[in-house]
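Worksheet: the structure to be examined is printed underneath.
The values are calculated or read from the model by the stated rules, or taken from the named source; none is laboratory data. Note that the structure is a prediction, hence the values are computed from the model and not measured. For neighbour counting, all protein chains shown are included, and Cβ atoms are generated from backbone atoms with ideal geometry for every residue, glycine included.
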Amino acid sequence: MNQTMTPLVDPRIWDETTAALRAAAAKLLTDGTVAAVVGYVAGRRSGSAMPAIVSTAAEAETLIFSPSCTNNLSLYLTRSKKSIGARGKLAVMVKGCDLRALAGLISENQLQRDQVVILGLACPGVYAAAADRRQPLSAENIAGKCRECSVRTPENVDQLLGRLPELPPLEDSEAAELARLEALTPPERWGFWNGHFSRCIRCLACRQVCPFCFCEQCLCDRNRPQGVEGSPRPAGNTAWHIVRAMHLAGRCAGCAECESACPMEIPLNLLNRKMAQELKELYGYESGTEAQEKGPLTSYDEKDDQSFIK
């Protein structure tokens, strides 16, 4: 039996946020401001949570917020973008990293800001993918992305729910790993990533959970002409992950859903974070919590750094 871990925050924090969330959702549904709320409810296993859409005040009483609420709910807005507005506005619960995704979708005209009511959640952090969710959130089982989060209290939202307690400092394990990789030679780094990509089974779970993979037909699914080999072989795997990383450069919200969903435990968020770091160093650009103009890879400026052109 696992020893109980020291809670990172007072567990009552989650209960307070849940109560505020239920009250806000019930009011929005009762007064007709929204037709439905995209949120989380208790999962089938003890301590787990899963996404849900509620449409009545009674159903709003089932909403929860806990460290198990790991999913980025912005995904559900891209999947249903054609029907948004048909029955009225939607409200959506967002953590800080989720809000970055939502802002990016608005920037890319996948959503209109007035189509959604954004319920921001003050978030102390969520569980790592492999964590025992019966244990309290702790320094040992918090997700890697949460160790360096700078948007624990979402801004530019319609309602901010909950309060953020003071958190102890946490070591940024991903930053340490990035620094280690930077110290390697290029062939060593290539070997590191090829080693991970070789284990890929091309299940495409990373694509399915990404809010920014909203194309109705993915380039990588086409076979006339074929852009990327579809079978899980080394060359095709490497091409798939490089294409996807470049596709997300300057767009990735850092929600790490791709890494959490990967059955082969490929450190995809580490790769995305490296790309984000490069964009910030080269162009001073990073994804934010507000809709922005086109990013550096989708716009041209004569003053852009061109040192990469050989």
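Here are a few things to note about the model shown:
- All of (1) aliphatic (A, V, I, L, M); (2) closer than 18 Å to CYS203 by Cα; (3) assigned to a loop (DSSP other than H, G, I, E, B) hold for ALA291 with one exception: (2).
A quick yes/no check of all residues on (1) small (Gly, Ala, Ser); (2) over 20 Å from GLN110 (Cβ atoms):
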site	(1), (2)
TRP240	no, yes
ALA245	yes, yes
ALA249	yes, no
MET264	no, yes
ASN272	no, no
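- Search result, residues across the stretch 215-244 that are surrounded by 16 or more Cβ atoms within 10 Å (Cβ to Cβ) and polar (S, T, N, Q): ASN237, THR238
- Just one of the listed residues (GLU265, GLU259, GLU293, GLU281) is surrounded by fewer than 12 Cβ atoms within 10 Å (Cβ to Cβ), in the same structural domain as ILE201 (by TED's automatic domain parsing) and either closer than 17 Å to GLY144 by Cβ or touching a residue at least 12 places away in the same chain (Cβ under 8 Å) (or both), namely GLU293.
- Selected residue [modelled with pLDDT of 85 or more and assigned to a strand (DSSP E or B)] from LEU160, LEU164, LEU178, LEU170: LEU160
- Restricting the stretch 219-261 to residues that are of a type in the set (Gly, Ala, Ser) and closer than 19 Å to GLU286 by Cβ, the residue that is modelled with the lowest pLDDT is GLY250.
- Residue in the stretch 134-148 that is in contact with a helix residue (DSSP H, G or I) (Cβ under 7 Å, 6 or more places away or on another chain), in contact (Cβ under 8 Å) with a residue 60 or more places away in the chain, surrounded by 21 or more Cβ atoms within 10 Å (Cβ to Cβ) and part of a loop (DSSP other than H, G, I, E, B) present: no
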